[in-house]
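Visitor: Encoded as structure tokens, here's the structure I'll be asking about.
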Amino acid sequence: MSDLYVAVVCSSNMNRSMEAHAFLVKKGFNVKSYGTGEKVKLPGASADRPNCYEFGVLYDEIYNDLMEKDKNYYTQNGLLHMLDRNRRIKPCPEKFQVCNERFDVIITCEERVYDQVIEWFGSRRSIYNQPVHVVNIDIQDNHEEATIGAFLISDMVTKMAQSDDLDNDIDELLHEFESKCHRPSLNCIMFY
């Protein structure tokens, strides 16, 4: 097991961050997952009417709500399966901007979320002078891409955990990652 403390962040803490969370836990990593959105948004029966929930509403409650609304539809589109996975990992979606944890690495799943995390760090004063590596890998918000993204994140975190000096090695690790996976990444160091 690695000492590396990792956060995976997407918009709603439902699909991409939770899939990566599940992969990393299975590999023995100390990981948490979050969302940065105003609300937790899930597809609705029509594109202009998403299902919206507050962060902190239990995955069980969201699951039951969608079951009541249209069990067949939400089974077919995979949301009930996704929520079932989520409720086995943790009780509810959590908002990044209100967490008090200090991570070694924060991995975001889209550039907008990366920007929100950086903005959050920029809005607060560094108290501990503890660095955190913030890395972005763009992952589309669908089931297939979330699974592929979880493999990529797991591979990246494994390589980070093997480093004796992540601060010095991260640029080279990310360059190798980009070359191997043909996906660009963003990264910076922020301070708690």
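Visitor: Looking at segment 64-71, is at least one residue without any contact (Cβ under 8 Å) to a residue 60 or more places away in the chain, among the charged types (D, E, K, R) and in the same structural domain as Leu152 (by the TED database)?
Guide: No, segment 64-71 has no match at all.
Visitor: What's the number of the only condition in (1) open to solvent by less than 10 Å² (accessible area, probe 1.4 Å); (2) assigned to a loop (DSSP other than H, G, I, E, B); (3) polar (S, T, N, Q) that Ser46 fails to meet?
Guide: (1)
Visitor: All but one of (1) part of a loop (DSSP other than H, G, I, E, B); (2) free of Cβ contacts under 8 Å to residues at least 40 places away in the same chain hold for Asn13; state the number of the condition that does not hold.
Guide: (2)
Visitor: Scanning for something open to solvent by 70 Å² or more (accessible area, probe 1.4 Å), assigned to a helix (DSSP H, G or I), in contact with an Asp or Glu (Cβ under 7 Å, 6 or more places away or on another chain) and at pLDDT 95 or above, does segment 50-70 turn up at least one residue?
Guide: No, every residue in segment 50-70 fails to be open to solvent by 70 Å² or more (accessible area, probe 1.4 Å), assigned to a helix (DSSP H, G or I), in contact with an Asp or Glu (Cβ under 7 Å, 6 or more places away or on another chain) and at pLDDT 95 or above.
Visitor: For segment 151-192, how many residues are open to solvent by 70 Å² or more (accessible area, probe 1.4 Å) and in contact (Cβ under 8 Å) with a residue 60 or more places away in the chain?
Guide: Total meeting the criteria: 2.
Quick grid of which residues meet (1) aromatic (Phe, Trp, Tyr); (2) assigned by the TED database to the domain that holds Glu145; (3) loosely packed, with under 14 Cβ neighbours inside 10 Å; (4) not in a loop (DSSP other than H, G, I, E, B):
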{"position": "Leu80", "(1), (2), (3), (4)": "no, no, no, yes"}
{"position": "Glu101", "(1), (2), (3), (4)": "no, yes, yes, no"}
{"position": "Val117", "(1), (2), (3), (4)": "no, yes, no, yes"}
{"position": "Phe121", "(1), (2), (3), (4)": "yes, yes, no, yes"}
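Visitor: Of the residues in segment 16-38, how many are more than 18 Å from Asp115 (Cβ to Cβ) and part of a loop (DSSP other than H, G, I, E, B)?
Guide: So the count comes out to 3.
Visitor: Oh, and also: Please identify the pairs in which a residue from segment 128-140 that is open to solvent by 50 Å² or more (accessible area, probe 1.4 Å) has its Cβ atom under 8 Å from the Cβ atom of a residue that is of a type in the set (D, E, K, R), counting only partners at least 6 apart or on another chain.
Guide: Tyr128/Arg102; Asp138/Glu110; Asp138/Glu111; Asp138/Arg183
The values are calculated or read from the model by the stated rules, or taken from the named source; none is laboratory data. All values reported here derive from a predicted model rather than from experimental measurement. Neighbour counts run over all protein chains shown; Cβ positions are idealised from the backbone, glycine included. The accessibility values were calculated without ligands, DNA or RNA, using every heavy atom of the protein model including side chains. Shrake-Rupley method; radii C 1.70, N 1.55, O 1.52, S 1.80 Å.
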